[in-house]
Amino acid sequence: MSFKSHRFETSIDVARRQQYHVAQLAGHKRPLTTEEQPLQLRTEKRGHTGLRLKQQPHDELHIEESTPLESARASAHPNRFTASRIHPGPDSAVSAPEGEQPQKNTASTSVPGSSQNPLFSLANSKYGLPATLIHNFATLGVTSIYAWQASCLLARGLLSGERHLVYTAPTGGGKSMVADVLLLKRIIENPTRKAILVLPYVALVQEKLKWMRRIVEGVEKNVPPDEDDQEESKGSMFMRRRHQKLQKQIRVTGFFGGSRTTTTWADTDIAICTIEKANSLLNTAIEECSIGELGVVVLDELHMLDDEHRGYLLELMVTKLLLLQQDIQIVGMSATLSNTEMLAQWMNARFFISTYRPVPIDEYLVYENAIYPAATSRQLFQTASKLTASASLQDSLAPHRNIEPSEYKELTNAATNAMVALAVETASAGYGALVFCGSRNACQVHAATIAEAMPHVEDKEELDQRLDLLAELTSLACGLDPVLQHTIIKGTGFHHAGMTTEERELIAAAYDSGVLKVLIATCSLAAGVNLPARRVIINGARMGRELVGPAMFRQMCGRAGRKGKDDAGETYLICIKADLEAVCDLLDADMPAIESSLVPEKRGLKRALLEAIATGLVSGCEAIKEYVQCTLLYRTLDKKLVYNIMKSALQELADEELLIFEEDEAYKATLLGQAVVASAFAPEDGLFVHEELKRALQAFVMDGDMQVFYMFTPLQVATSTNIDWQIFRNQLDLLDESGLRALQFVGVQPGFVNTMVQSGASLKETTPEQIQKARIYRRAYTAFQLRDLSNEVPLSTIARRYRIPRGTVQTLAQQCHGFAAGIVKFCQRMNWGMMAAVLDHMRDRLEAGARADLLEMAQVAFVKSWTARLLRDNGFRNLHALAEAEPKDLVPVLMMVNPRKTQRNQLYPTETERYAAKLLTKAETIVASANKIWDREMQVQIEE
Ligand SMILES: Nc1ncnc2c1ncn2[C@@H]1O[C@H](COP(=O)(O)OP(=O)(O)OP(=O)(O)O)[C@@H](O)[C@H]1O
């Protein structure tokens, strides 16, 4: 890793001397506000965004109308302290590592245009792209392509789809663009073929979905003209044309956990999926023999191959594709690959390595209130370790800049002082800063600290936007976080996995649009969300207690300076004394080589074999061997060893009765094996679920719901649940007889829970029996939360009740649907029809997120769980009441569904009218739909 470039003036300094006029985007210039420009509060008329947030007893927040600036006055109390100043160091004294001269970052921000080289134009006939697509790329800022993108695309066999591709380029280097072109070209030119684009996180899938839909707008697939056209009458010609137009459209669908899409593989051209969904799609396509429709698979973030939990799924996908030897192009990319060539050999792909950075990045190390170019870190460490007690480091190695030590006790810690000073400096210059820290708690604490020193905002519009954000956060089901309540108004937010998806989305969008200037996040943001910053500040480079690895570190740094959003970037790694050596190693570290996840420790090969056999991909011993030869494991380990691993995995699967060995030297999946694969469970999870369901079949506690909640509690969520035994005991005490019976039936012993409370011990998980027992208790404990969710207990109440982050409750809420669907599918495949029917009914209830009496109402058009609840609370208690209702009587209730919108519209009479008319039409549809369902139900009753 080289850190050749270091300037002696930061881009923020440069910015201070310049004036830009660009849109307000994260990383873009925003109006300059400094400490010297105090917020001038003026009295304003009541505005629509004026909401005063008032803390009520029991953590409930009350919203009162007030003027925005009044609210700001209330929230934007004077800062408790000011950020320390940062002074330039004696530049000339900054020495570079031996053999290297300090130099300006020479990576050019200007893209060589197509006038310089016609191959840099996407319109060049070599790319064969339709004009609409080229136009769409241009509207999104891509008018010409980078030299590396052109060379990569033009490598033989890629544009024609004959060769696979594996490539790497730095974060923000324009990788996606290459894959997008290859994917789109294949879909456009082969109108019957489909594409799968795989991304590791739901947020990335959603973002890509938006991007892809914009890129394909108006772009048509090359569907050949229908010859019968001429012979058709005019009327049917119109229909046919319409049909053809529809056929030419490129349909993009997102497939991810928690998505409510009803779209199937058949009605999509480009499926943008999480890893799990992509693997299921592929399995179904293989099983249903529709794999021939697949034309291209793009694997973004290919380094996920060695992810501990999900890497094997990626490997499995590639392995299946390689074995199939169909005409399916595989494109894999990542910013953090070191063994690209080996991966390319495995995939029989072309490979490409680019180091091009479209936006220059300056990297610094911050140590004891001084800032050094990252390139001098080793020298810094050597000097610091030789230092005598009386000598000062800064006398021996002059820093690039100095941060004044702070007189405030909150900032006596040099790392905190540096973080605040750097973040405030960025915001004051009108840019966005991303601060990474090691834990969720640290995010909140640091956000509060930085907010105390943030520059006051003078711009009324900006203040209004922050108040709007506060109001939106307040209107969420989980309520407004007390820390955010104080930090948002100061343009500071935080983002971590303990928050709900809605909170994170609002905060991320506010940062992206410049409403928030500083965002403090855990490392998960670096990988999961595409948020750029002018300045990235890494406070400690730790994830929990562990120092982050080089891949994660690069991901964090990669957020600095993104093309299209920024023209420069800076990273500051703040380091404490104890970490200096490790941090130097981190700065110098190479990316780790990607390894197979099918190694025995990760048990991936077992699943790989079961899936391949159950989906009918392979069965005979030779074919199985051939399949194994397509794995990365086979590429990286001794061949003999791999065959031994294969044999023992097959034996285990046979012992567990997931496979049977048939006389003709072939393996076949048992009914159980097929059920496990169809429900997308890992073999171990499938076996566990099977045991539990088998017992439930013998005696199902039907006079209550607790057993079903237990069954629907996702194993993955339960595994990471920490039990608070006192809470467990309280919940057991509150259960009715049926609930207690259900839990005792699955193996929960109240006596054991009591012992755990009294002893204060934690669960032992060494022997298989202990692991099994822990699994049951964790699952039962999580089942209480699922029950509460299903009974409409607010998310924040559940979080408080079980002392867990609200984000964790939401993860449970999101994952239970997929898991429940898996359980139902499992029962169906096992031919346990009755059990499947009972569970399926309860699944509907989970889906509705409401109690059984609301389910009926939720079938009505426009009536989702929240609306159903509001309708019920306002007198429309059931389907019949809705069917009988006067539409105009529903309008006030519908207004309550979105109070903010209603409130806003009230300011403008014409808007109010239009909105009311819209809601009346909606109400009419609701009543008509309720009538239809009611009639149908009556008909069924009469027939019965
Ligand atoms: N040739 C180009 N000209 C102008 N902008 C480009 C070009 N190629 C890509 N970009 C823009 O640069 C930004 C980053 O590109 P992209 O997302 O493709 O990078 P990446 O390498 O995939 O990043 P990451 O590693 O974060 O996934 C995007 O806004 C994209 O539109």
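Coordinate-derived values only; no laboratory data. Fair warning: this is a prediction, and the values are worked out from it, not measured in the lab. Reconstructed Cβ throughout: ideal geometry from the backbone, glycine too, with neighbour counts over all protein chains shown.
The Cβ shell under 14 Å around Trp832 holds other residues with a net charge of +1, Lys and Arg each +1, Asp and Glu each -1.
Packing, taken as the mean count of other beta carbons within 10 Å per residue, orders the peptides 324-335, 273-284 from highest to lowest as 273-284, 324-335. From the C-alpha coordinates alone, can you work out the Kirkwood hydrodynamic radius of region 688-776, in Å? After inverting the mean inverse Cα-Cα distance, the result is 13.9 Å.
For the pair Gln247 and Cys289 in one chain, pulling the backbone fully straight at 0.36 nm per residue adds 12.9 nm over the alpha carbon distance. Would you tally the net charge around Glu293, using a Cβ to Cβ cut-off of less than 9 Å, leaving Glu293 out, and scoring K and R as +1, D and E as -1? My count for the surroundings of Glu293 gives +2.
Within the shell of other residues whose beta carbon sits under 14 angstrom from the beta carbon of Gln785, the net charge comes to +3, with Lys and Arg scored +1 and Asp and Glu -1. Highest mean packing first, where packing is the average number of other Cβ atoms within 10 Å per residue, the peptides 682-691, 549-558, 530-539 line up as 530-539, 549-558, 682-691.
Highest mean first, the peptides 446-459, 782-795 sorted by other C-beta atoms within 10 Å per residue fall in the order 446-459, 782-795. Scanning residues 5 or more positions from Val166 or on other chains, those with amide H under 5 Å from its amide H are Gly332, Arg350, Phe351, Phe352, with H placed 1.01 Å from N in the peptide plane. The residue among Ile330, Ile145, Ile275 whose Cα reaches farthest toward the positive pole of the charge dipole of region 118-353, with charges on the beta-carbon of Lys, Arg, Asp and Glu, is Ile145. Karplus-derived 3J(HN,Hα) values for region 193-205, using 6.51 cos²θ - 1.76 cosθ + 1.60 with θ = phi - 60°, are 9, 10, 10, 10, 10, 10, 10, x, 10, 4, 4, 5, 4 Hz; glycine and proline are entered as x. A straight line joining the Cα centroids of region 295-372 and region 731-807 runs 40 Å.
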